[in-house]
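Any read-out appearing in this document is the output of simple, stated calculations on the displayed coordinates, not a laboratory observation. Given the structure is predicted, the values throughout are model-derived calculations rather than measurements. Every residue, glycine as well, gets a Cβ built from its backbone with ideal geometry; the counts of neighbours run over all protein chains shown.
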Amino acid sequence: MTHLSLETFVAELNELRVGAERMLAEATDAAALESARVAFLGAKSGRLKTAQRGLGQLAKADKPAGGRHFNAVKQEVDALFAAAHERVSAPIDAHRTTAIDVTLPGDSIRLGRVHPLTQTIRRVAAIMSHLGFEVVEGPEVEDQWHNFEALAIPAEHPARDPLDNFYLSVASHAEPLLLRSQTSTVQIRVMEERDPPLRIVSLGRVYRPDTADATHYPMFHQVEGLLVEPGITMAHLKSVLRSFASSFLGGDVHVRFRPSFFPFTEPSVEVDMEWNGRWIEMGGAGMVDPAVLEAVGYDPETVSGFAFGLGVERIAARRFGVADIRDFYRNDVRFLEQFSDRGQA
Ligand code: PHE
């Protein structure tokens, strides 16, 4: 059997390395790099693999030197590929010679800010937390039990009229679901889950098919508060609302109750707050109706509670001096950037 001479083997390897160098120098993109990789490093018929087979044809005495040379060339070729890979995948301006002067001032950045309604929601939540109320959330798609029935709003009640609600027919549900029309749904959800004592507040979106005008929008936000424990009265309700209003508006804010009606509170009131010498209607409130306590399995003989629901847009409009709540939803940056959120939670 004739042996391959060591010189030929070494010469072929050197030629292979030069070839790899040349091909890689010309490879300017990932595709060219890949075809070079297949040609030289391909596992089956790449040139290195072929050269390695030559190793077996060397005379026994030449094998150690041949092996060493093979390994050296293989390492060089591997390094050439690694360098080429880095060059090809580097960003386009990697070859730029002009240095960046990091001491130059940067472009001015326009910082965004928190939406005024979100600012209001966060502030209300923070104040209510300080008053001992836990912030909880409820779903925006509700069933009729939580939006109406458990709140003592029976089937024939006008509040359930399809013209006043966004009903959703869902194939898997026997009766239509709806976009919740009030956050009072969360009162029921929490009372069903937990036992008294309870102090919760829930802030979120509600939906009613109203025509949009300066004070109405088909989607708006409410703050719902609920406190249930033994011995709770309207006096507690008024104290909490007054503490809240004083913290929110600053100073000692007066709160006024006017008789009203809600199916799920008895007695029920409209809540007004005095603002710069004017009385502003903020929402509804009352003592949780015993029928509601019973519907969630509480004993009205041992616990009582109050609930209130305030309009977030109304509070925000007053606080920021906004005359038309539609401005909150237009997403006009010239409007939104007027509400600094510095110092906001
Ligand atoms: N859910 C009532 C509404 O949307 C407000 C309310 C909440 C009234 C809690 C009483 C108690 O108008």
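Overall dimensions of the chain, expressed as equivalent-ellipsoid semi-axes from the Cα gyration tensor (√(5λ), whole Å, largest first), are 77, 27, 19.
The residues Thr103, Thr120, when put in order of fewest to most other Cβ atoms within 10 Å, stand as Thr103, Thr120. Between the alpha-carbon centres of the stretch 313-342 and the stretch 1-69 there is a gap of 72 Å.
Listed values for the stretch 109-116 are Karplus-derived 3J(HN,Hα) couplings in whole Hz (6.51 cos²θ - 1.76 cosθ + 1.60, θ = phi - 60°), namely 9, 8, 7, x, 8, 6, 4, x, and x replaces Gly and Pro.
Qualifying GluC sites (Glu not before Pro) in the stretch 120-175, where qualification requires a DSSP coil assignment and no more than 10 other C-beta atoms within 10 Å, comprise Glu156. Per-residue 3J(HN,Hα) values for the stretch 184-201, derived from phi via the Karplus relation 6.51 cos²θ - 1.76 cosθ + 1.60 with θ = phi - 60°, read 4, 3, 6, 3, 5, 4, 6, 5, 5, 8, 10, 9, x, x, 9, 9, 10, 9 Hz in sequence order (x marks Gly and Pro). Helical runs assigned H by DSSP (4 residues or longer) give the chain a calculated mean residue ellipticity at 222 nm of -12000 deg cm²/dmol, each run adding -39500 (n - 2.57) before division by the residue total. Counting only alpha carbon atoms, the long axis of helix 234-249 and the longest principal axis of the chain meet at about 50°. First select every other residue whose beta carbon is under 13 angstrom from the beta carbon of Gly66; then total the charges, Lys and Arg +1, Asp and Glu -1. Charge balance near Gly66 sits at +2. For Lys238, which aspartates and glutamates qualify as cross-link partners when the Cα separation must be under 20 Å and same-chain residues fewer than eight apart are set aside? Within the straight-line limit of under 20 Å, Lys238 reaches these aspartates and glutamates: Glu134, Glu224, Glu229, Asp252, Glu266, Glu270, Asp272, Glu274, Glu281, Asp289.
Cross-link reach is defined here as a Cα-Cα straight distance under 17 Å, omitting same-chain residues fewer than 8 places apart; for Lys49 the lysines meeting it are Lys63, Lys74. Going by Cα centres, the stretch 186-209 and the stretch 104-140 are how many Å apart? If we compute the Cα centre of each part, the gap is 20 Å. If the chain linking Asp299 and Asp101 were pulled fully straight, counting 0.36 nm for each residue of separation and taking away their Cα-Cα distance, it would gain 63.9 nm.
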